[in-house]
């Protein structure tokens with residue numbers, strides 16, 4: 001890597017980091033609810049408004065980047081995000097905060113949809129895997145730092161700090177615009193499929209809303225049904241329209257490639273399974289092991305550290321093995337780590353060390369998988385669709401998080417019915433064992449398709 005390439009990667013990584021650093025917001029939830037006098041269940045909309053927005057727009061913005069230039073879209077996203085962070089921090093009421101989170105979601109979608117394309121564009125195609133590994137490591141570092149920084153910022157300045165501290169980062173990344181320079185076709189510019197973008201955004205957003213509502217069975221049964229109906233109609237309309245339009249948002253024929261389809265299904269399964277760590281890990285560490293919030297956050301960082309180590313390791317291994325095999329290995333390691341976490345006990349100091357090791361193993365597996373999966377996606381789609389390639393990869397993450405939150409919450413509620421009293425540990429174990437099985441299924445699916453490709 002030349003010094004100029006290194007400098008460009010640093011600025012792209014700095015700009016991209018504002019998105020995974022959103023994990024800092026979770027630490028501010030108690031302070032937000034207290035400041036606005038909210039019931040605890042209302043805090044979920046701080047997450048929903050953000051996730052729904054950036055997940056539903058990601059593919060469309062990736063296509064915009066392919067047409068108008070990834071660097072241009074990325075810069076707009078940084079400027080938009082920096083402004084949205086300041087607006088979130090200055091929100092005078094809860095309703096305003098939710099609206100500003102919606103604006104923040106737009107900025108995050110603009111940034112993340114084109115970041116992988118920019119990073120891979122800085123390297124020749126034979127170095128693509130190394131570029132993907134670098135991007136994945138940057139993302140993991142941001143995710144790991146978020147909770148640690150968030151705890152300090154909220155303690156000193158209150159909840160607005162988890163938003164405004166990212167504004168200088170976003171604006172500073174614009175100082176070196178040459179980092180985001182990317183070639184744009186000089187030929188006839190392809191049209192943007194606006195109707196397809198609208199149908200896709202409506203379908204994904206209503207699907208995620210329906211999944212969110214399913215976390216509370218028996219409540220508002222008609223609401224999730226209405227969301228699911230709208231999602232099904234919108235996504236059916238999207239598929240039908242994409243078959244007709246000359247320049248679709250994403251060419252659905254790519255999903256006929258068994259390796260590509262299996263990789264995307266496995267990605268959703270991996271992120272569903274991985275969310276069990278963030279969902280129930282803190283409760284186990286604080287309630288069962290008696291750790292402080294800061295110590296629990298530091299313990300959970302073991303998973304992110306594993307991912308940070310796994311990302312460059314995957315880049316080196318893929319040079320010798322196929323990306324499909326490395327993805328399968330990562331999925332199986334992640335599943336093993338999740339099963340070990342679910343098999344943990346309580347009351348002995350060595351259990352904490354065992355859980356830390358299992359978390360690191362799970363994170364290592366995810367790091368290996370992420371790089372190999374993104375390499376498969378980037379390899380399958382044409383280079384001129386690199387923005388859509390990166391968006392597909394990031395969208396699978398968002399879908400996995402929402403599905404994981406719904407599925408594991410339902411599992412925990414079911415377990416509670418059969419174990420009166422303290423049902424936490426039975427529910428905890430069942431959740432992590434199920435997550436481990438899902439990761440193993442993803443690994444076997446990838447292994448079969450990798451072998452068939454040979």
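Let me confirm something: among 14, 78, 103, which residue is within 20 Å of residue 174 (Cα to Cα), surrounded by fewer than 21 Cβ atoms within 10 Å (Cβ to Cβ) and either at pLDDT 90 or above or assigned by TED's automatic domain parsing to the domain that holds residue 206 (or both)?
Working: 14 fails: either at pLDDT 90 or above or assigned by TED's automatic domain parsing to the domain that holds residue 206 (or both); 78 fails: surrounded by fewer than 21 Cβ atoms within 10 Å (Cβ to Cβ).
Exactly one residue qualifies, and that residue is 103.
Could you pull out the residue among 361, 313, 332, 340 that is modelled with pLDDT under 90 and either in contact with a strand residue (DSSP E or B) (Cβ under 7 Å, 6 or more places away or on another chain) or surrounded by fewer than 24 Cβ atoms within 10 Å (Cβ to Cβ) (or both)?
Exactly one residue qualifies, and that residue is 313.
Conditions tested, residue by residue: (1) at pLDDT below 85; (2) closer than 17 Å to residue 447 by Cα.
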position: 289; (1), (2): yes, no
position: 303; (1), (2): no, no
position: 323; (1), (2): yes, yes
position: 348; (1), (2): yes, no
position: 353; (1), (2): yes, no
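Evaluate the following for residue 147: is it buried (at least 19 other Cβ atoms within 10 Å of the Cβ) and either within 30 Å of residue 34 (Cα to Cα) or touching a helix residue (DSSP H, G or I) at 6+ places or on another chain (Cβ under 6 Å) (or both)? Break it down stepwise before answering.
On the way: buried (at least 19 other Cβ atoms within 10 Å of the Cβ): yes; either within 30 Å of residue 34 (Cα to Cα) or touching a helix residue (DSSP H, G or I) at 6+ places or on another chain (Cβ under 6 Å) (or both): yes.
Answer is yes for this residue.
With the condition kept exactly as written, say whether any residue in segment 3-10 is in a helix (DSSP H, G or I) and at pLDDT 80 or above.
Taking segment 3-10 as the starting set, the residues that turn out to be in a helix (DSSP H, G or I) are 3-10.
With the extra rule that they be at pLDDT 80 or above, the set shrinks to none.
No, segment 3-10 contains no residue that is in a helix (DSSP H, G or I) and at pLDDT 80 or above.
Can you list residue pairs whose Cβ atoms sit under 9 Å apart, with the first residue in segment 275-288 being crowded, with 21+ Cβ neighbours inside 10 Å and the second being not in a helix (DSSP H, G or I)? Count only pairs 6 or more apart in sequence or on different chains.
Partner pairs satisfying both residue conditions: 284/344; 284/346; 285/291.
The values are calculated or read from the model by the stated rules, or taken from the named source; none is laboratory data. Being a predicted model, the structure only gives us computed values, none of them experimental. Heads up, the Cβs are rebuilt from the backbone with ideal geometry, glycines too, and the neighbour counts pull from every protein chain shown.
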